[in-house]
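S.K.: The structure under discussion is supplied below as structure tokens; questions concerning it will follow.
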Amino acid sequence: MSSFDQRNERRHTNSVKWDSIATTYHKDDLLPLWVADMDFTAPPSVKQALLSYVEQGIYGYTLFGDDLYAAIINWQKKRHNYDIKKEDILFSPGVVPSIAVSIEAFTSKGDSVMIHDPVYPPFAQMVEENKRKLVRSPLKVVNGHFEMDFTTMEAQMIKEDVKLFILCNPHNPGGRVWSKTELKQLGDLCKKHHCLVVSDEIHQDLIFAPYQHETFHNIDPSFADFSIVLTAATKTFNLAGIKNSMIFVKNPELKAAFTAVQAKSEQDTINTFGLIGTKAAYEGGEIWLTELLDYLQKNSAFTIEFLQKNLPQVKIMPPEGTYLFWLDFSAYNLTDTALNKKMIDEAGVVLNGGFTFGPNGKQHMRLNIACPKSTLQQGLEQIARAFK
Ligand SMILES: Cc1ncc(COP(=O)(O)O)c(C=O)c1O
């Protein structure tokens with residue numbers, strides 16, 4: 001038995017995934033297969049490092065140590081063949097806060113900011129809450145997976161005078177690991193239209209062979225001039241609660257603009273637990289990650305087989321990376337409200353409603369498979385019974 005098979009009790013721990021749904025849906029036996037948070041314990045190296053910090057008993061202000069920078073630099077080089085220097089790394093409590101800072105730093109009120117449709121919901125939320133004009137560019141489904149529609153993107157960029165594009169690389173919710181060719185075409189398009197790029201690469205380590213993650217800065221040497229890369233150890237190693245992420249920014253002007261906005265509200269100071277967790281994960285979590293990816297790949301294969309056999313009407317988008325499945329329930333012809341109600345009331349399972357990812361997500365749901373196989377199987381069986 002793998003340690004990932006262990007069903008950990010997360011109820012009554014103030015877990016967003018497990019404890020918020022009882023309040024939302026007024027039921028306390030729902031199975032949560034929604035928010036991108038895994039039901040697995042983090043790598044032992046992380047637990048050990050946090051325990052020894054807790055043990056020494058003093059929790060004062062903390063520097064970004066050279067050992068932390070080294071852990072990040074080595075991880076990026078080894079896992080992504082990406083060279084980043086200490087002076088080009090900034091920190092933030094999260095990738096979403098960094099997206100908000102980027103919007104404020106690189107655009108002005110009323111400017112157009114483009115995102116794909118569907119995409120991780122906080123992209124749209126950050127654009128709108130910062131009073132920028134949201135431009136959603138629809139992804140196309142081709143051969144069962146998402147592809148970028150460059151013709152439409154270019155037309156929208158020109159028409160709306162788009163100043164910034166927020167890229168989800170790899171893509172949540174579709175699990176696409178964008179190829180070098182696609183990213184080159186995207187970067188060339190943005191360069192041509194003087195559109196800056198924020199590349200959210202938080203899912204960069206969750207990739208299934210033979211796919212390979214491409215860091216946006218690595219596609220072409222000129223791309224670092226007009227883009228920044230955001231990433232974190234928190235998604236890879238299930239550390240979302242300790243709040244820490246990195247910004248890779250090589251262009252000095254972009255760096256100055258970004259740090260100026262962060263400095264206005266001291267957003268560049270990070271919880272010490274986040275710094276310790278990140279360093280320990282990158283230094284000691286690689287074997288754990290290999291085992292995790294193997295487990296997730298098996299859960300993915302199981303999900304595909306189960307759904308094809310038991311719910312053939314549901315169209316699935318097998319993920320190339322991430323631990324998220326994008327499921328098309330349109331064959332059932334239900335409204336989004338009815339679809340979610342059926343999931344809650346009849347299946348007893350919580351998934352993310354696809355409509356929250358953009359208009360293109362209507363009649364879809366996002367399933368999180370990062371849980372013990374027995375939990376996943378229970379959830380899928382409950383869904384199959386409700387929809388058969
Ligand atoms: C694409 C993407 N970006 C950012 C985040 C969240 O990042 P953070 O918790 O660092 O704000 C998530 C979480 O699911 C995500 O999927």
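The values are calculated or read from the model by the stated rules, or taken from the named source; none is laboratory data. Everything quoted here is computed from the prediction, not taken from an experiment. Cβ coordinates were reconstructed from backbone atoms using ideal geometry, including for glycine residues, and neighbour counts include every protein chain displayed. Side chains are part of the model used for accessible areas, which takes the heavy atoms of the whole protein and leaves out ligands, DNA and RNA. Shrake-Rupley method; radii C 1.70, N 1.55, O 1.52, S 1.80 Å.
S.K.: Give me the one-decimal nm value for the distance between modelled label points at GLU9 and ASP149, 7 Å along each residue's Cα-to-Cβ direction.
M.R.: 5.0 nm
S.K.: List the aspartates and glutamates whose Cα lies under 16 Å from the Cα of LYS159, skipping any in the same chain that are fewer than 8 positions away.
M.R.: By straight Cα distance, LYS159 reaches ASP111, ASP149.
S.K.: Going down the table (LYS86/LYS180; LYS131/LYS235; LYS163/LYS255; LYS17/LYS78; LYS235/LYS341), which pairs top 23 Å between alpha carbons?
M.R.: In this structure, LYS86/LYS180; LYS131/LYS235; LYS17/LYS78; LYS235/LYS341 lie more than 23 Å apart at Cα.
S.K.: Is the C-alpha gyration tensor of the chain telling us rounded, prolate or oblate? Criteria: a/c under 1.5 is rounded; beyond that, a/b larger than b/c is prolate, otherwise oblate.
M.R.: Oblate.
S.K.: Tell me, what does the Kirkwood hydrodynamic radius of region 1-100 come to in angstroms if you use every pair of distinct C-alpha atoms?
M.R.: 17.6 Å
S.K.: Where does the chain land at 222 nm, in deg cm²/dmol rounded to the nearest 500, when only DSSP H runs of n ≥ 4 count, each adding -39500 (n - 2.57), divided by all residues?
M.R.: It comes out at -12500 deg cm²/dmol, rounded to the nearest 500.
S.K.: Further question on the same structure: Can you sort ILE103, ILE73 by solvent-accessible area, 1.4 Å probe, largest first?
M.R.: Largest accessible area first, the residues go ILE73, ILE103.
S.K.: Sorted by accessible area with a 1.4 angstrom probe, largest first, how do ASP268, ASP29, ASP161 fall?
M.R.: Heavy-atom accessible area, descending, gives ASP29, ASP161, ASP268.
S.K.: Let me know the Rg and Dmax you get for region 1-51 when you use only its Cα atoms, in Å.
M.R.: Values for region 1-51 (Cα only, Rg and Dmax): 13.1, 38 Å.
S.K.: Setting aside same-chain residues fewer than 8 positions from LYS298, which aspartates and glutamates have a Cα under 20 Å from its Cα?
M.R.: ASP5, ASP37, ASP39, ASP205, GLU286, GLU320, GLU381
S.K.: Which whole-number percent gives the relative contact order of the chain, counting Cα pairs below 8 Å spaced six or more residues apart?
M.R.: So the answer I get is 23 percent.
S.K.: Further question: Any idea how far apart VAL141 and MET1 come out in nm if each label point goes 7 Å out from Cα toward Cβ?
M.R.: Each label point is offset 7 Å from its Cα along the Cβ direction, giving 3.8 nm.
S.K.: What accessible area, in Å² to the nearest ten, does a 1.4 Å probe give for GLU253?
M.R.: 150 Å²
S.K.: What helices in the chain pass both tests, a Cα length along the helix axis of 30 Å or more and a mean Kyte hydropathy of -0.5 or higher, using whole DSSP H runs?
M.R.: In the chain, the long hydrophobic H runs are 286-310.
S.K.: Express as a percent, rounded to the nearest 5, the fraction of DSSP beta bridges in region 59-284 (both residues included) that run antiparallel.
M.R.: 35 percent
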